[in-house]
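To start, the structure under review is shown below, and the notes come after it.
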Amino acid sequence: MPIRFYQSLSQIQSDLASGVVTCRQLVDHYLQRIDENGHLNAFVAVYAEEARAQAEVVDQKLAAGTAGRLAGMVLGIKDVLCYKDHGVQAGSRILDSFVSQFTATAVQRVLDEDAIIIGRQNCDEFAMGSSNENSAFGPVRNAADPDRVPGGSSGGSAVAVQAGLCLASLGTDTGGSVRQPAAFCGVVGLKPTYGRVSRWGLIAYASSFDCIGPITHSVEDAALLLEIMAGPDEFDSTVSRQPVAEYTGQPADGRKLRIGYLREGVESEGVDPVIRQRTQERLEGLRAEGHTAEPVDFPLLQYILPTYYILTTAEASSNLSRFDGVRYGHRSPAATDLESLYKKSRTEGFGPEVRRRIVLGTFVLSASYYDAYYTKAQQVRRLIKEFTDSLFEKYDLIVSPVTPTTAFRIGEKTSDPLQMYLADIFTVQANVVGCPAISIPNGTDEAGLPIGFQMMAAPFREADLLAAARLMNGES
Ligand code: GLN
């Protein structure tokens, strides 16, 4: 009997309980789907034998009544998350043949609940990008139209869920890399509050922005994964000690939400008309249910992207200095002395976008420009945070489209980095201020390409955010 296209773990668990399917059959099914969809280039490594063996272990635990909460969840992980004794490359040649020596805390926590990891997913090099075209493994293709990008940087993770190659993925979001590909692929993407989930074992891009987040079909699964991954961790001193709420709890009935929507998101000429229209329709629907939705002007909007790109490139230039050809990864065979070893290994190992960001970041940190750029951007970050916090005193949610366009064509923006950076206009705010945000599907354009709807909530209000998202996504 063919295996159905599962949209949530609860569907799978009820079929496991009634004997309709076993974990082993599920894994075989996903492995076959991965094989049939090789052209999407979503996975860079598939752990077939290991996943089959793990499935049999979980089937036995189910029979014995000892299985964990994620029994039946077949997961993929983005190629920036360490998993002991498995390769990890951050989509980069510089980490060719590197093998993880420990497992990321977030990954360990899902394994401890009996999730099965089926493989490692393609992404932009060091998570820098919005289209998954900056990967040493080649571009990922959007399953809705293989000539189009899936978004980035967690492109492989989003496509794998979209195309049913696994049930869920773990991605990372530094400026939108979970939400933007989720929007382009018609799935759910959650970026938690900064510090909600440990970053231990995540290859750093910009440490004060990076967050691990799930990509799923249902909000319910995103909530469950967050509940399991979140919370204190002795290996990450920036992770919060705030108690982890029950994110999977049922939404309170009848609560009326105060919603602020970003005026530019529904009025700006820079946003595709169909995306503005879908956002309007969504707002109308919310008003019809008794919620309030008012326009919000964000006077600092034009400063958000420059602030993001100055601070993240600065952090990246520092974080990526460890890839020097000496300790691990690619070492140039052409080196003749120490300096040429550094230069050649890094030039050969890093792709053009990563090199561009290292140069930009090194420039803004240089003695003559530090105050003009880096310090200034830190100050503006503070202003953006304070203004956003003041909005959360008035509103439960701040909403907008996730992106100004639907998925663009492969190659369309590669020669114009500024155009590419503009694609992040709505997503970076949550990372600049550190608040949680979610992307849920919001219909499609005329060509059938998915559109996303973004909701942000105050820091550590994931329970409210997820409850609202469940209702809006038609789950309850
Ligand atoms: N697209 C953004 C960038 O290129 C976000 C990347 C991310 O979130 N990792 O920086």
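Just so you know, all these numbers are worked out from the coordinates, no wet-lab data involved. If you're wondering where the values come from, they're calculated on a predicted model, not measured in any experiment. Glycine also receives a Cβ, built like all others from the backbone with ideal geometry; neighbour counts cover every protein chain displayed.
Centroid-to-centroid, using Cα positions, the range 149-172 and the range 186-259 are 17 Å apart.
Since only F43, L397, V197 are under comparison, the one whose Cα sits farthest along the positive direction of the charge dipole of the chain, derived from C-beta charges on Lys, Arg, Asp and Glu, is V197.
How many times 2.2 N^0.38 Å is the alpha carbon radius of gyration of the range 322-476? It would help to have the intermediate numbers written out before the result.
Details: Rg = 21.0 Å, N = 155, 2.2 N^0.38 = 15.0 Å.
Against the empirical 2.2 N^0.38 Å value, I get 1.40 for the range 322-476.
For the range 225-330, the calculated P(r), taken from all Cα-Cα distances in 5 Å bins from zero up to the bin holding the longest distance, is 2, 9, 9, 10, 11, 15, 17, 12, 7, 4, 2, 1, 0 percent. Once backbone amide H atoms are built at 1.01 Å from N, A45 has R120 as its partners under 5 Å, excluding neighbours fewer than 5 places away on the same chain.
Estimated at 0.36 nm per residue, the fully extended path between K61 and E281 surpasses their Cα-Cα distance by 74.6 nm. Set the bar at 24 Å for Cα to Cα. Now go through K256/K394; K191/K385; K191/K343 and name every pair that lies beyond it. Among K256/K394; K191/K385; K191/K343, the Cα-Cα distance tops 24 Å for K191/K343.
Among S237, S14, S198, S177, which comes first, second and so on when ranked by fewest other beta-carbon atoms within 10 Å? All intermediate terms of the calculation are to be shown ahead of the outcome.
On the way: S237 9, S14 12, S198 25, S177 36.
Going from sparsest to densest Cβ surroundings: S237, S14, S198, S177.
Treating each Cα of the range 1-112 as an identical point scatterer and ignoring solvent, apply the Debye formula and state log10 I(q)/I(0) at q = 0.19 Å⁻¹. For the range 1-112 at q = 0.19 Å⁻¹, log10 I(q)/I(0) is -1.10. For the range 346-476, the residue among T362, A407, I440 whose Cα projects farthest onto the positive side of the dipole built from Cβ charges is T362. Across the range 435-448, computed HN-Hα scalar couplings (Karplus, 6.51 cos²θ - 1.76 cosθ + 1.60, θ = phi - 60°) run 8, x, 8, 9, 10, 10, x, 9, x, 9, 8, 4, 8, x Hz from first to last residue, x flagging Gly and Pro. Put a plus charge on the Cβ of each Lys and Arg, a minus charge on the Cβ of each Asp and Glu, and nothing anywhere else: the dipole of the chain about its Cα centre is then about 680 debye. With a Förster radius of 51 Å applied to the beta-carbon distance between S476 and D337, the computed FRET efficiency rounds to 0.20.
Restriction of the chymotrypsin sites (Phe, Trp or Tyr not before Pro) in the range 37-131 to DSSP coil positions whose beta-carbon has at most 16 other beta-carbons within 10 angstrom yields F102. Estimated at 0.36 nm per residue, the fully extended path between E267 and R382 surpasses their Cα-Cα distance by 38.7 nm.
Remark: the range 120-133, residue by residue, has Karplus-estimated 3J(HN,Hα) of 10, 10, 4, 7, 5, 4, 6, 6, 9, x, 10, 9, 6, 8 Hz, where x stands for each Gly or Pro and the curve is 6.51 cos²θ - 1.76 cosθ + 1.60 at θ = phi - 60°.
Quick check for me: using +1 on Lys/Arg Cβ and -1 on Asp/Glu Cβ, what's the dipole size of the range 393-476 about its Cα centre, in debye to the nearest 20? Please report the intermediate quantities before stating the final value.
Working: 5 positive and 10 negative charges, 13 e Å.
Charge dipole, the range 393-476, about its Cα centre: 60 debye, nearest 20.
Projecting the Cα atoms of T307, A458, S318 onto the dipole axis of the chain, where Lys and Arg carry +1 and Asp and Glu carry -1 at the beta carbon, places S318 farthest toward the positive end.
Couplings 3J(HN,Hα) of the range 408-418, computed from phi: 8, 6, 4, x, 4, 10, 5, 8, 10, x, 5 Hz, in residue order, whole Hz [Karplus 6.51 cos²θ - 1.76 cosθ + 1.60, θ = phi - 60°; x for Gly and Pro].
Each principal axis of the Cα atoms in the range 320-391 has its own extent, and those three values, largest first, are 55, 27, 21 angstrom.
Treat the chain as a sphere of radius equal to its Kirkwood radius over Cα pairs and apply Stokes-Einstein at 37 °C in a medium of 0.692 mPa s; give the translational diffusion coefficient in µm²/s, rounded to a whole number.
Values: Rh = 22.3 Å.
Stokes-Einstein gives a translational diffusion coefficient of 147 µm²/s.
Backbone amide hydrogens, once placed in the peptide plane, bring A168 within less than 5 Å of V74, G76, excluding anything fewer than 5 places away on its chain.
Restricting the calculation to Cα atoms, every distinct pair contributes to the Kirkwood radius of the range 42-196, found to be 15.5 Å. For a paramagnetic label modelled on L301 (point 7 Å from Cα along Cα→Cβ), amide N atoms under 13 Å away belong, within the range 249-268, to 261-268. When each of the peptides 156-167, 374-385, 254-265 is scored by the mean number of other C-beta atoms lying within 10 Å of its residues, the order from highest to lowest reads 156-167, 254-265, 374-385.
Computed about its Cα centre, the charge dipole of the range 109-265 is approximately 500 debye, with only Lys, Arg, Asp and Glu carrying charge at their Cβ. Among the chymotrypsin sites (Phe, Trp or Tyr not before Pro) in the range 142-246, those placed in a DSSP loop whose Cβ has at most 15 other Cβ atoms within 10 Å are F235. The amide H of C211, built 1.01 Å from its N in the peptide plane, has D173, T174 as neighbours under 5 Å, considering only residues 5 or more places off or on other chains. Whole angstrom only: what separates the Cα centroid of the range 104-129 from the Cα centroid of the range 78-94? Centre-to-centre (Cα) distance: 9 Å. Qualifying trypsin sites (Lys or Arg not before Pro) in the range 71-103, where qualification requires a DSSP coil assignment and no more than 16 other C-beta atoms within 10 Å, comprise K84.
Annotation: extensible slack from Q32 through F102 equals 22.3 nm (criterion: 0.36 nm per residue apart, minus Cα-Cα distance).
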